1. What does the highest-first list of 196-202, 220-226 look like by mean Cβ count within 10 Å?
2. Counting only protein heavy atoms and a 1.4 Å probe, tell me what percentage of the chain's accessible area is made up of carbon and sulfur.
3. State the Cα centre-to-centre distance between the stretch 188-214 and the stretch 5-32 in whole Å.
4. Suppose a student asked you for the relative contact order of the chain, using Cα pairs under 8 Å spaced at least 6 residues apart; what percent would you report?
5. So if the hydrodynamic radius of the stretch 102-211 is defined as the Kirkwood radius over C-alpha pairs, what does Stokes-Einstein give as its diffusion coefficient at 4 °C and 1.567 mPa s, in µm² per second?
6. Counting only heavy atoms of the protein chains, get the accessible area per residue of the stretch 301-450 (1.4 Å probe) and round it to a whole Å² value.
7. Calculated from DSSP H runs of 4 or more alone, at -39500 (n - 2.57) each and per residue, what is the 222 nm mean residue ellipticity of the chain, nearest 500?
8. In whole angstrom, note down how far apart the Cα centers of the stretch 125-142 and the stretch 280-340 are.
Amino acid sequence: MDRISLNWKNASTRAVGQQHGVSEKDLAALAGPIKKLTKQFADQRKAGELRFRELPYNEDMLDAIESQVEHFRDRCEVLIILGIGGSALGNIALQSALNPSTYNLMSDRTRSGPQLFVLDNVDPEMIKATIDHLTPKIKKTIVNVISKSGETAETASQFILFRDLLQAKLGKKYKDNILATTDPSEGTLREIVKAEGYRTLEVPPGVGGRFSVLSAVGLFSAAMCGIDIQALMEGARDMDKRVKEPDVLKNPAAMIAAVHYVLNNRGKNMSVMMPYSNALYYLADWYRQLWAESLGKQNGLHKKNVFAGQTPIKALGTTDQHSQVQLYREGPNDKVITFLEVERFSSKLTIPDSMKHVQSLRYLAGSNFQSLINSEKLGTEYALLESQRPTMTINFPVISAQTVGQFIYLYEVATSYMGGLLDINTYDQPAVQLGKDATYALMGKSGFDELNRKIQAVAKRDKKFTI
Ligand code: PA5
């Protein structure tokens, strides 16, 4: 199996100096805590906790997904995912990483599955455009609504709209075009399912949204679109072996956490993920949620008001060399940058030599885009090093379902280690609720009148502050 690897040399003191790098002493100080966390994770798994870690071993779940795929595949030309946050980012990341960027533009015959639209926002124009597109193909449109709670306003509102649309166009048979992915026993969506009788898949209990991509949440759409979900799981299982290692020097997840933890303590409170690959860009988006929602916590497990966290940022190489790298080199030295690099792209793509007579472009003649993008990555790494900016690289020998499965599992476990080092609860998101409640209040949900009154003060656009 091709294996991804982590190289952290350019985040070490040897590379970027005492002030900005991670020293052997730093790592020696973390050896004990990492060992302890590794044991703690193993014990938690035995006790039935950290259930996201068991997903790659869940054969029953894969069978259930595959049976739904079998049911829907032949009669599906358009697949609509209704979900947000952890119920959407993984789907987008898998699709972008493992299918061509032109997937939706391909003909029905050449595409490996239905067109896929993940509606992870309530922008009316975006939703309307999608509806206009699918209406002529409504009979062959499958709506997969994904919500653990069923209460999320974005997903619920879209579901009501799409359910009505299907009902209006297909009559009583509309139910055949809906698949609901939700909690097996609880929540509003489960109640609706019980009342209306849709086909369902489960959001596994004990698995939070941002840790759920390797469940039915992310895998159904992936499998529908021809992605080898068995290979994804194989990759995740392979990574599981590597991240069980108690020695930080041998465990890539522990090392990602250790580097971020040490440097965060030195004021590097931003974590940039910069893939040199368009396909991997949305994995950086997925990572943003994982790192932000898991680690951004006011209170620790043992201390109040710790205000933990590191701001995750996504950047794209080479594009953002022409947008962000000026800041990354000469602005505040407050970032840890992780590059994702691809050793062998599925196509190298030759640069023709027809301009070799132009002296200043001759170096490009006969070369290829794979060499160019990887040279640009190395060039940027070198330039950042010159400015004492710490960087790490995750190397993908190739982009495949196996390597993407490894990457997902790697970062999920790295997040657990980072949360453990920060001594916070990695798996909750208490600060998200107030914004959700405020939306309920503004949209007139009963029981939220008092909150609505408070918000009205914020809504007032005082002329003194308006230009
Ligand atoms: O990671 C999370 O828990 C969140 O991003 C949720 O996935 C998101 O809020 C959607 O929640 P639900 O699946 O209940 O609709």
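1. Those peptides, ordered most packed to least, come out 220-226, 196-202.
2. On the way: 11770 of 22440 Å².
Summing carbon and sulfur atoms, their accessible area is 52 percent of the total for the chain.
3. So the separation of the two Cα centres works out to 42 Å.
4. So the answer I get is 22 percent.
5. In µm²/s, the coefficient is 86.
6. Ligands and nucleic acids excluded, the figure is 51 Å² per residue.
7. Values: 16 runs with 210 residues, N = 467.
So the calculated ellipticity at 222 nm is -14500 deg cm²/dmol.
8. Centre-to-centre distance over Cα atoms comes out at 35 Å.
The values are calculated or read from the model by the stated rules, or taken from the named source; none is laboratory data. Since the structure is predicted, the reported quantities are computational estimates derived from the model, not experimental observations. Counting neighbours? That spans all protein chains shown, and the Cβs are built from the backbone with ideal geometry, glycine included. For the accessible areas, the whole protein counts, side chains as well, though only heavy atoms, and no ligand, DNA or RNA atoms are used. Shrake-Rupley method; radii C 1.70, N 1.55, O 1.52, S 1.80 Å.
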